[in-house]
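Let me give you the structure first, and then I'll get to my questions.
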């Protein structure tokens, strides 16, 4: 038996409050309205959200319905603008501003670690580079030539 950590996922959500036009715009063909009732197609079948529920769109594009209590337990609001897209140009621009020694480190497994950390946390490489987790990884990489323990 192993232990696992839930991956970070940025979702979009819409609070359901008889806002049929907004729901249709948000869910598209995955939503139907029959006699004033909202039906949402999910990977588990058809869901019927009630006022106060959240309709959640996951990063992979599928929907599910969450009660307000579970939603507040699982998610925190992300400040706009937010993008979990991270382009190679971002990495290159960050590396280009560094010294040759730093460029060599960032082209290493440590650099890939920082890039992935930034992507997973929705921050820039510059911000990731300053995080204690990344600084510890750099120290370990410089001392041992590898990442991890």
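Just so you know, all these numbers are worked out from the coordinates, no wet-lab data involved. The shown structure was predicted, so the numbers you read here are calculated from the model rather than taken from an experiment.
Could you let me know the centre-to-centre spacing of segment 111-149 and segment 19-34, using Cα atoms, in angstrom?
For segment 111-149 versus segment 19-34, the Cα centre distance is 42 Å.
According to the square roots a ≥ b ≥ c of the eigenvalues of the Cα gyration tensor, what is the shape class of segment 12-74, taking rounded for a/c under 1.5, prolate for a/b larger than b/c otherwise, and oblate for the remainder?
Oblate.
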